[in-house]
Amino acid sequence: MPIDAARPYDDQNIFAKILRGEIPSTCIYQDEWAYAFPDINPQAKLHVLVIPKGAYVSWDDFSAHASAEEIAGFIRAVGHVARAHDLVAPGYRLLANVGAHGGQEVPHLHVHLFGGQPLGPMIARR
Ligand code: AMP
């Protein structure tokens, strides 16, 4: 069910629980700013989710309210995960769904990182 990205942060969302260790996940990478783990329902050979450690609903909330340090740390973490998987030469795709039209289901900002295969058209053709 897509979320309303304009709503306040709900600290009971599933990624908040993952960050607190209340729900299991496999850590691919983490630092002060970000946590990366495999998507439970992978849509490509490699499908990793990278989330900020701070409480932000979406890219919109993050870009409007996160500090410059949080933003830099998160963006660098996404790049680090891609490089650590040798994805730069073959290429990869980043996706951040926002709200209902974006199809966002979990109300904690996450960047999907897809790779390991040609990824096809940018959005589904109708
Ligand atoms: P979005 O539609 O952009 O909000 O994507 C949410 C993503 O979270 C989906 O790709 C789900 O497969 C993924 N997901 C949901 N629960 C978990 C979980 N417990 N561990 C890893 N990925 C999850």
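The values are calculated or read from the model by the stated rules, or taken from the named source; none is laboratory data. Here the structure is a predicted model, which is why all the values come from computation and not from measurement. Note: ideal-geometry Cβ built from the backbone for every residue, glycine included; neighbour counts use all protein chains shown. What goes into the accessible areas is simple: the full protein's heavy atoms, side chains included, and nothing from ligands, DNA or RNA. Shrake-Rupley method; radii C 1.70, N 1.55, O 1.52, S 1.80 Å.
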For N97, distant residues with modelled amide H under 5 Å away:
H112
Once neighbouring chains are kept in place and the probe is 1.4 Å, which whole percent of the accessible area of the range 14-102 is contributed by carbon and sulfur?
54 percent
Rounded to whole Hz and in sequence order, give me ³J(HN,Hα) for the range 34-44 from the Karplus expression 6.51 cos²θ - 1.76 cosθ + 1.60, θ = phi - 60°, writing x for Gly and Pro.
8, 9, 10, 8, x, 5, 5, 10, x, 9, 7
Through the Karplus equation 6.51 cos²θ - 1.76 cosθ + 1.60, θ set to phi - 60°, convert the phi angles of the range 103-110 into ³J(HN,Hα) values in whole Hz; use x for Gly and Pro.
x, 6, 10, 10, x, 9, 3, 9
Per residue, how much accessible surface does the chain expose to a 1.4 Å probe? Answer in Å², no decimals.
61 Å²
Given contacts defined as C-alpha pairs under 8 Å and at least six residues apart, what's the relative contact order of the range 39-126, whole-number percent?
45 percent
Hz values of 3J(HN,Hα) by residue in the range 73-88 - Karplus curve (6.51, -1.76, 1.60), Gly and Pro given as x:
x, 5, 4, 5, 5, 4, x, 4, 4, 4, 5, 5, 9, 6, 9, 5
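What FRET efficiency comes out for E69 versus K45 if R0 is 35 angstrom and r is the Cβ-Cβ distance? Round to the nearest 0.05.
FRET efficiency, E69 to K45: 0.60.
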Diffusion coefficient in µm²/s returned for the range 14-102 by Stokes-Einstein, Kirkwood Rh over C-alpha pairs, 20 °C and 1.002 mPa s, is 154 µm²/s
Between the residues L46, I3, W59, the Cα farthest towards the positive end of the dipole of the chain, that dipole coming from +1 and -1 charges on the beta-carbon of Lys, Arg, Asp and Glu, is from L46
Computed E for Y9/I123 - FRET, C-beta separation, R0 22 angstrom, nearest 0.05
0.20
